[in-house]
Each structure stands twice: as structure tokens, then as C-alpha cells.
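Asker: This is the structure I want to talk about, given as C-alpha cells.
The values are calculated or read from the model by the stated rules, or taken from the named source; none is laboratory data. Bear in mind the structure is a predicted one, so any value in this text is a computation, not a measurement. Cβ atoms come from the backbone with ideal geometry, glycine included; neighbour counts cover every protein chain shown. Only protein heavy atoms, including side chains, enter the accessible area calculation; ligands, DNA and RNA are left aside. Shrake-Rupley method; radii C 1.70, N 1.55, O 1.52, S 1.80 Å.
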Amino acid sequence: MSGAPELGGQVAIVTGAGRGIGAAIARRLAAGGARVVVSDRDLAAAEEVAAEDELLGADRTDVADWDAVHDLVARTCEREGRLDIFVNNAAITIARDFWELEPREWDEVMAVNLRGTLAGCRAAGERMRACGRGRIINLSSLGGQQGSLANGAHYSASKAGIIVLTKEVAAELAPHGVTVNAVAPAAIDGPLVDALPTEQRDRIAAKIPVGRFGLATEVAATVAFLASPEAAYITGATVDVNGGLFMR
Ligand SMILES: NC(=O)c1ccc[n+]([C@@H]2O[C@H](COP(=O)([O-])OP(=O)(O)OC[C@H]3O[C@@H](n4cnc5c(N)ncnc54)[C@H](O)[C@@H]3O)[C@@H](O)[C@H]2O)c1
């Protein structure tokens, strides 16, 4: 990276950043100069990521806990004096066939993925609205656009909900200098993909139009762009990072 870092002086929170895509987003925002709160319900995982760079700090928050998300934002604003970027990344699924899915499993996934994202939008949006600037980025999924047999109807419905929630919040905050966008990844390399036998991995990769799995760093770069000053005219959008698996 050359010249002044594009996010220099900014403060970001990334939820579910103890591993995977969230950790890659935290690292990428820090590489852009932001001070980043690596938040996760697993504090040890968050601390491990935070230990890599002095621009990263660790936090334990469960996004299903509405008050805890508000406390996280309040604590960060008090300590850092500002909040510029909030990334709603934390999510779960409970692998379950449609016919076997229990109502409490539906509720659990919705509480983390969809209500957790609402909590982040509300808590961060309130502060950002008062400051007249900010960026909120929500992680959706190809499952939220097309459904996903692998992850289940509860997961897909939560991720579809995030797309329209993003539009609702974007419309609320657009007059206040705050943009709200979603990123919809698919088939990103990670422990599950790594664990597949090479042959099966290659077979799946061949079905992806670009011929390979995506990288967490490629999702992170998209988030970083949406967080940057150059993305000020993009709001309410869902940006696909899926190797061509879904084309609009
Ligand atoms: N990996 C993919 O291919 C893919 C595809 C589409 C969308 N996504 C989305 O990208 C995001 C990250 O995916 P990933 O594959 O890195 O996930 P992951 O399961 O590897 O990591 C999720 C992180 O979130 C944390 N977390 C879970 N529940 C939480 C809660 N209630 N509060 C706080 N933290 C919590 C976990 O501890 C973990 O560190 C998710 O929103 C996911 O839906 C991923």
C-alpha cells in the first residue's frame, strides 16, 4: 500500500472476527490504517487475531445479546472517541434438513444472523447518524439470494433478510452521511473446503465459473472498498463475491 492509508485515523468494529472471513476483514481494515476491534463470542480466538497487529484489539460480544452489542458500541466510542466502520459478520448455522428443522433452531440462527445484524445496525447507526458519517457493512450470502441446500432454510432466510434489512437501514441513514451495504460471498476457501478430498474439491471448483474457490482476503478487499471514502455514493447495495455462481 502506498501513500496515506485510506482508513487512517478511523475506528472499526468487526463482529465474529476471531477466524475466517471476519478475521480477514479485521486484518484488511487494519492494513488500511484503521484501529479495529476484533469482536467475537470466542474471546481467545479474538485475542489470537488481535495479537498480530497493534491496530487490532480484542473484545468478547455475543451478537445475539442485544444489550451487549449496544455496550460494545458505547465502550468503543468512549475509549476511541469515534466509530467509523461497523461490520456485521458473525453468523452461525445448524446443519438441518428442512423437514427436521426445529422452531428453536430457526430462532437461534435468526437471533445471531438477522437480529444480531439488526442490533449492529441500530447501535452503530445511532452513533454514526449523530456524527454525520459512517459505514455499515453486512455479510449476506449466495444462500440469501438463491437458497442453499447445504446450510438450510433457516440460514438462507436469515441471509435473505439481511439484504432487505440493509436497504431499510440504508434509506434511513443515507441523509446522514452513513452508507449501509451488504456483501454476498459464496464458496470461500476455509477449513470446511480444506477438509474435502482433493478430487471432490476439484469437482466443486470446476462448477464455479472462475474455476476455483474464493479467498477470504477477496471478501475482505470488497468490504474495505465499501468502507472507504471512495464508496460514498454506494448504499443499499449487495455486492456479490461468488466467482460467477450467481449473476444478476
Ligand atoms: N465461508 C463462506 O463460504 C461464506 C459464504 C457466504 C457467506 N458467508 C458469511 O460470511 C461470514 C463469515 O463466514 P465464515 O465462513 O468466516 O464463518 P466462521 O464460522 O468461520 O466464523 C464465524 C465467526 O463468528 C463467531 N460467532 C458465531 N456466533 C457468534 C455470536 N453469536 N456472536 C459473536 N460471534 C459469533 C464465531 O466464533 C466465529 O469466529 C458469515 O456471515 C457467513 O454467513 C461465508
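Asker: Please compute the modelled spin-label separation between Arg133 and Glu78, points set 7 Å along Cα→Cβ, answer in nm with one decimal.
Answerer: Calculated label separation equals 2.5 nm.
Asker: Ignoring any ligand, DNA or RNA, what whole percent of the accessible area of the chain comes from carbon and sulfur when the probe is 1.4 angstrom?
Answerer: Values: 6310 of 11990 Å².
Carbon-and-sulfur percentage of accessible area, whole number: 53.
Asker: So between Arg60 and Glu126, what do we pick up on full extension, going 0.36 nm a residue minus the alpha carbon distance?
Answerer: My answer for the length gained is 21.6 nm.
Asker: Right, here's the next one. Which of the peptides 33-41, 207-215 is most tightly packed, and how do the rest follow, going by the mean number of other Cβ atoms within 10 Å of each residue?
Answerer: Working: 33-41: 25.3, 207-215: 14.4.
Ranking the peptides 33-41, 207-215 by packing returns 33-41, 207-215.
Asker: Averaged per residue, what accessible area in Å² does the stretch 11-240 show with a 1.4 Å probe, protein chains only? Walk me through the numbers on the way to the answer.
Answerer: Numbers: 10820 Å² over 230 residues.
Ligands and nucleic acids excluded, the result is 47 Å² per residue.
Asker: Going highest first, how would you order 56-65, 23-32, 236-245, 100-109 by mean Cβ packing within 10 Å? Let's see the in-between values first.
Answerer: Working: 56-65: 20.5, 23-32: 25.7, 236-245: 18.3, 100-109: 14.1.
Per-residue mean Cβ counts within 10 Å order the peptides as 23-32, 56-65, 236-245, 100-109.
Asker: So, in nm, how far is label Asp194 from label Ala68 when the simple model puts each one 7 Å beyond its Cα toward the Cβ?
Answerer: My value for the distance between the label points is 2.6 nm.
Asker: Mean separation of Cα pairs under 8 Å and 6+ residues apart, divided by the residue count of the stretch 176-248: what relative contact order is that in percent?
Answerer: The value is 54 percent.
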